[in-house]
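Report on the following structure.
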2 protein chains.
Amino acid sequence: MTRLEKARRGEADDAVRAAAQAESIDPEALRQGVADGTVVVLRNRKRPSCRPVAVGAGTRTKVNANLGTSKDRVSLEEEIEKLEVSVEAGADTVMDLSTGGDIDAIRKEILRACAVPLGTVPIYQAVIETVSAGRPMVEMKPGELLEVIRRHGEDGVDFVTVHCGITRRSLDSMKSSNRIMGIVSRGGSFTAAWMEYNEAENPLYEYYDDLLEIAREYEMTLSLGDGFRPGSILDATDKPQIEELITLGELAARARERGVQVMIEGPGHVPLNQIEANVLLEKRYCGGAPFYVLGPLVTDIAPGYDHIGCAIGGAVAAAAGADFLCYVTPSEHLGLPTVPEVREGVIAARIAAHAADIAKGIPGALEKDRQMSLCRRRLDWEGQIEAALDPQKARDLRESRHPEDEEVCTMCGEYRAVRISNKVIGS
Amino acid sequence: MTRLEKARRGEADDAVRAAAQAESIDPEALRQGVADGTVVVLRNRKRPSCRPVAVGAGTRTKVNANLGTSKDRVSLEEEIEKLEVSVEAGADTVMDLSTGGDIDAIRKEILRACAVPLGTVPIYQAVIETVSAGRPMVEMKPGELLEVIRRHGEDGVDFVTVHCGITRRSLDSMKSSNRIMGIVSRGGSFTAAWMEYNEAENPLYEYYDDLLEIAREYEMTLSLGDGFRPGSILDATDKPQIEELITLGELAARARERGVQVMIEGPGHVPLNQIEANVLLEKRYCGGAPFYVLGPLVTDIAPGYDHIGCAIGGAVAAAAGADFLCYVTPSEHLGLPTVPEVREGVIAARIAAHAADIAKGIPGALEKDRQMSLCRRRLDWEGQIEAALDPQKARDLRESRHPEDEEVCTMCGEYRAVRISNKVIGS
């Protein structure tokens, strides 16, 4: 029996109980969420040492950090450092998107070093192995892709992105659309190219039942990828995107029926005034499945600062009901991130997630702000640093200023005001 | 006649016409906005060389950068550098909050170097001059404060923050409130302390007509300060804050009646789910006057990253109708910002403003994103850098990565996907 099937029978497995305890929420409420499919608890059956993480309604908004080698840059050491920095900075999960070097070996090493749930996008490896074998990527066989997914499951990968929602019909819709950016999802573009060349249906759509069996076997959560996510805010919420979302909703229902946990991936580049609609449509079409968004990035014109554009979009999305934010770093659209940029990306996403949790009324969220405010009122610097989301950064910045007078150290003079205020209205 | 009075008679003065031209909007529409009080055009009568800037409904969301000396750090050179960096980074206005050194001389120098509208908070100087004269700050005379305001007008200051909305009644309400942070506005706390000590009404409330005469004389826009803005998200939208806002609305009506342009300052620390209500209340109580917000900061726990917390809040506020964003830097709550932090603060606020302008449908806003997206589709790197909000940052980040293969340079592989997409669905 799978975690979802047990939950439906009223049983919270140890992963559900541990995830509930980690968030101080009622395990019975979490079990009900898993049973309803509005929550997933990430942990592969083969990886009992992994700290299980709940994603979905009623839980804290989670943050994922991406890492992985590329063809040009293969350093296991650097990826392990990114992993450690991400988890230290508070990432709830990590995805290994490696496309360079010995991908199997790198994944196994990352899994060994990783205490949190790990996700992958297996189609990257399937394509690379096809090309390495001297064949054009479009000659990848469906069975080869499923075999790679099984290998990831066997290794202990906790969730996989699978672009199952691109179909002949939605691809036709894409081809007749007037999108500026076309397909910007790497998995989505491979899938579309494969379908065109082979004049065939998307293998992950056609063999979806086989995929579900693999996911069942390893208790691997499916993250149904949005291959047609917009790559420009001008393309957001268009017909191809929403047609794919509707298909993902149907596939999510089939996954749950087969006892497989499922979440839905979402955009992408979305203007501020379309974000709530995107969340509403996902919840409506996908039976309330957890929504895992990349961004959303609210403007295209700020390369170098996309972590800020995504913090804006992520906060608004999560406040509207999105459950899981994939981080974006300052170097998005420009290059692979450095280790400090990975850290910056995680923190920016955590700020967005926390701001949304306050708006959502997640228990305990506002309490952190209360503690900080109480320290500020007391002009207690050490307390403020301890209450900070990133204490090290707060301490470094503070200490770099050497203020002579603690009360007049800020631009707005807030602390001097607080001192006067305490006298006037009582502290 | 003042700019507002002329606008009411159907006349757009040269400042209104220049501000309309700068934004490519119809001067007649802008004149109507000024006449209605939903727009202000900032430019002191004494400073014809200043580039006039429109703030309010139907115009681009504007960004202000604060600078100024403190008791501990008096360097005109550094403040001029902050001014230059702010304007270069795209700040629409600057406020000089100097509290250290020869404040008059510093203001004059900054005004000389400043091509954009400049604002001040005259009460800071009035208090410092009282203390410098050997008297306790609470013995400042109302006439002394008005004299400082006149001096600022005479020098060419384009807008002044005046905390006119704190009254005996709202101060009683503050004293009986259960706020965590009390009063965090420096001007607000001075005003409250003065009122308590003197057992008198707020001088700027009592002598408001005199203040209006000074503002008229110099065509100085009043920015009615929110002395009771919340300093913790737990204090947001409470009774003292909204009582003061109602008073500000009454004072705004009196200003307009006297031909004086007026905008309203707003919070501050506000949770994401209360921001729209704050904008709505301001527009409702203040006759649609332009809303100038500080942040809003959506969480208290991210010192070191308050520019990100404020980008989230600022974008949501501006999309809901706020007109003017005061920047916040990464060192807010920790110390005075360095020059690079000033730049970072301006850029973060501009991202928020632009994201909101797209949502508001400000003409021309989306076009910038379209240009960037077209460059991305063509994999045109030079075009992308030119289309960036901060081209230098985009170029520096890009060049620091030395990608060997331009198509696989990003984490998400977006460019490789675009190349494939262009082949599959036609470019």
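Some values worked out for this structure:
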{"item": "Residue, farthest from A:Asp238 (Cα to Cα), within the range A:149-178, restricted to residues that are out of contact with any Leu (no Cβ under 8 Å at 6 or more places or on another chain), touching a residue at least 24 places away in the same chain (Cβ under 8 Å) and charged (D, E, K, R)", "result": "A:Glu154"}
{"item": "Boolean, B:Leu42 is at pLDDT 95 or above, under 16 Å from B:Val157 (Cβ atoms) and buried (at least 24 other Cβ atoms within 10 Å of the Cβ)", "result": "yes"}
{"item": "Residue count for the range A:88-143, restricted to those that are surrounded by fewer than 18 Cβ atoms within 10 Å (Cβ to Cβ), touching a residue at least 60 places away in the same chain (Cβ under 8 Å) and β-branched (Val, Ile, Thr)", "result": "1"}
{"item": "Yes/no for B:Val342 being β-branched (Val, Ile, Thr), in contact (Cβ under 8 Å) with a residue 24 or more places away in the chain, assigned to a helix (DSSP H, G or I) and in contact with a strand residue (DSSP E or B) (Cβ under 6 Å, 6 or more places away or on another chain)", "result": "no"}
{"item": "Filter result (more than 9 Å from chain B (Cβ to nearest Cβ), within 24 Å of A:Ser24 (Cα to Cα) and outside any helix (DSSP H, G or I)) within the range A:345-386", "result": "A:Ile362, A:Pro363, A:Gly364"}
{"item": "When residues of the range B:56-72 are limited to those that are within 20 Å of B:Ala356 (Cβ to Cβ) and among the basic types (Lys, Arg), the one farthest from the chain's Cα centre (by Cα)", "result": "B:Arg60"}
{"item": "Given (1) at negative phi; (2) modelled with pLDDT of 95 or more; (3) among the hydroxyl-bearing types (Ser, Thr, Tyr), number of the condition A:Thr237 does not satisfy", "result": "(1)"}
{"item": "Boolean, A:Ile308 is hydrophobic (A, V, I, L, M, F, W, C), surrounded by 24 or more Cβ atoms within 10 Å (Cβ to Cβ), within 9 Å of chain B (Cβ to nearest Cβ) and in contact with a helix residue (DSSP H, G or I) (Cβ under 8 Å, 6 or more places away or on another chain)", "result": "yes"}
{"item": "Only one of A:Ile264, A:Ile301 that is buried (at least 24 other Cβ atoms within 10 Å of the Cβ), of a type in the set (A, V, I, L, M, F, W, C) and outside any strand (DSSP E or B)", "result": "A:Ile301"}
{"item": "Residue, farthest from the chain's Cα centre (by Cα), within the range B:234-277, restricted to residues that are farther than 20 Å from B:Ala317 by Cα and among the polar types (S, T, N, Q)", "result": "B:Thr247"}
{"item": "Yes/no for B:Val85 being surrounded by fewer than 23 Cβ atoms within 10 Å (Cβ to Cβ), modelled with pLDDT under 95 and in the same structural domain as B:Arg150 (by TED's automatic domain parsing)", "result": "no"}
{"item": "Residue in the range B:387-413 that is modelled with the lowest pLDDT, counting only those that are facing chain A (nearest Cβ under 7 Å) and part of a helix (DSSP H, G or I)", "result": "B:Val408"}
{"item": "Residues of the range A:319-337 satisfying the condition of being under 22 Å from B:Arg395 (Cα atoms) and within 8 Å of chain B (Cβ to nearest Cβ)", "result": "A:Thr329, A:Pro330, A:Ser331, A:Glu332, A:His333, A:Leu334, A:Gly335, A:Leu336, A:Pro337"}
{"item": "Sole exception among (1) modelled with pLDDT of 95 or more; (2) in contact with a helix residue (DSSP H, G or I) (Cβ under 7 Å, 6 or more places away or on another chain); (3) under 30 Å from A:Ser132 (Cα atoms) for A:Ser70, by number", "result": "(1)"}
{"item": "Residue within the range B:133-152 that is assigned by TED's automatic domain parsing to the domain that holds B:Pro267, β-branched (Val, Ile, Thr) and within 18 Å of the chain's Cα centre (by Cα) present", "result": "no"}
{"item": "Cβ pairs under 8 Å, 6+ apart, first in the range B:260-278 and without any contact (Cβ under 8 Å) to a residue 12 or more places away in the chain, second surrounded by 24 or more Cβ atoms within 10 Å (Cβ to Cβ) and β-branched (Val, Ile, Thr)", "result": "B:Asn273/A:Ile358"}
{"item": "Of all residues in the range A:283-295 being touching a residue at least 40 places away in the same chain (Cβ under 8 Å) and touching a strand residue (DSSP E or B) at 6+ places or on another chain (Cβ under 7 Å), the one that is nearest to the other protein chains (Cβ to nearest Cβ)", "result": "A:Leu294"}
{"item": "Matching entry among A:Glu399, A:Glu386 (being touching a Cys at 6+ places or on another chain (Cβ under 9 Å), closer than 24 Å to A:Val85 by Cα and surrounded by fewer than 21 Cβ atoms within 10 Å (Cβ to Cβ))", "result": "A:Glu386"}
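This table checks each residue for (1) free of Cβ contacts under 8 Å to residues at least 60 places away in the same chain; (2) outside the structural domain of A:Pro117 (by TED's automatic domain parsing); (3) among the charged types (D, E, K, R).
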| residue | (1), (2), (3) |
| --- | --- |
| A:Leu325 | no, no, no |
| A:His333 | yes, no, no |
| A:Asp380 | yes, yes, yes |
| A:Gly383 | yes, yes, no |
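The values are calculated or read from the model by the stated rules, or taken from the named source; none is laboratory data. For clarity, every value in this text was computed on a predicted model and none was experimentally measured. Cβ atoms come from the backbone with ideal geometry, glycine included; neighbour counts cover every protein chain shown.
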